[in-house]
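Take a look at the structure set out below.
The values are calculated or read from the model by the stated rules, or taken from the named source; none is laboratory data. Values in this document were obtained by computation on a predicted structure and should not be read as measured data. Counting neighbours? That spans all protein chains shown, and the Cβs are built from the backbone with ideal geometry, glycine included.
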Amino acid sequence: MKHDVIVIGGSYSGMAAALQLLRARRRVLVIDAGRRRNRMAAHSHGFLAQDGADPAQIARTAREQLMAYPTLEWREGEAVQAAGERDDFRVRLRDGSEHRARRLLLATGVSDQLPAIEGLAERWGTAVFHCPYCHGYELNQGRIGVIAVTPMSIHQAQLLPEWGTTTFLLNGAIELDHDAENDLRARGVTIEATPIARLDGHADVVLADGRRLRFAGLFTAPRNAPATPVAQGLGCALMDTPMGTQLQTADSKETTVPGVFACGDVARMPHSVSLAVGDGAWAGAQLHRSLVFPGA
């Protein structure tokens, strides 16, 4: 059977897009590898009517609601390749099965390229974060550390004093010019140039000289890239952003390949659950329009 749409990625943006299409009574296949980007976090914040909720429960509830629509098919598995053209795309899963659709929607999310610091990956999403709007309030104005990765980290260090007393840990990753240093100090930011040896405890930073700095939480700005190579295999163009690379899309959320749309973290910045849901809803509606008005 040829579906109207295959959605690759069954997290927040993919489900939000699928909902619009299902409500238009379109045949939708969602392929989900089950690796939500925020799977390590216990609470989701900043999402209206769901503030503080378990992000896994938000996803479960959303899927349950989608399953009530009879034109939905849900497959748990990993899409490894996609090919074809507008009105005739083929998607192959790792299990060898192949599925066809008139349109594709890429909601694959991104991978986070974390700083190579001992103990950081284990604390990602629980004591080390990237979004202050998602996690800053819960630190209760405690001490905050910002671990430098790229020049984008300067902006992060400028912003974080809104949530607590901030220390900018350069860790040899960047050098501050005179203007940036003066700006940070004017905001009350402490600048720490000694390299980081490891993270310990809840959010303790052990420096190379043996000093231990205790924080309520840490922030860093990892580089992002599409979580899978499916889009590149289709020929979708990428674009550079201050956070890494993402898929290039038009206002309609269509990529540079006709008939292939993209939404969520893989196609917009900055990133949060609420922004992903909004982006997915818009992408789903615009994709539906491309089916109704194919010449537009």
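Quick notes on this one:
- When residues of segment 62-114 are limited to those that are modelled with pLDDT under 95 and of a type outside the set (Gly, Ala, Ser), the one nearest to Ser13 (Cα to Cα): Val110
- Residue within segment 253-264 that is surrounded by fewer than 19 Cβ atoms within 10 Å (Cβ to Cβ), farther than 16 Å from Val7 by Cα and modelled with pLDDT under 95 present: no
- Subset of segment 18-27 (residues that are farther than 19 Å from Arg100 by Cβ and among the aliphatic types (A, V, I, L, M)): Leu19, Ala24
- When segment 120-175 is filtered for residues that are closer than 23 Å to Pro55 by Cβ, of a type in the set (Val, Ile, Thr) and touching a Gly at 6+ places or on another chain (Cβ under 8 Å), the ones remaining, listed by number, are Val128, Ile144.
- Residue list for segment 240-249, restricted to those being under 15 Å from Pro270 (Cβ atoms) and either more than 16 Å from the chain's Cα centre (by Cα) or hydrophobic (A, V, I, L, M, F, W, C) (or both): Met243
- Test: residue in segment 188-197 that is within 23 Å of the chain's Cα centre (by Cα) and at pLDDT 95 or above: no
- Looking across segment 62-74, the residues that are surrounded by 13 or more Cβ atoms within 10 Å (Cβ to Cβ) and assigned to a helix (DSSP H, G or I) come down to Ala62, Arg63, Leu66.
- Residue in segment 283-295 that is crowded, with 16+ Cβ neighbours inside 10 Å and closer than 21 Å to Ser111 by Cβ present: yes
- Among the residues listed as Gly77, Gly84, Gly46, the single one being closer than 23 Å to His288 by Cα, of a type in the set (Gly, Ala, Ser) and surrounded by 13 or more Cβ atoms within 10 Å (Cβ to Cβ): Gly84
- If the condition is being part of a loop (DSSP other than H, G, I, E, B) and under 27 Å from Ala221 (Cα atoms), then segment 264-295 contributes Ala267, Arg268, Met269, Pro270, His271, Ser272.
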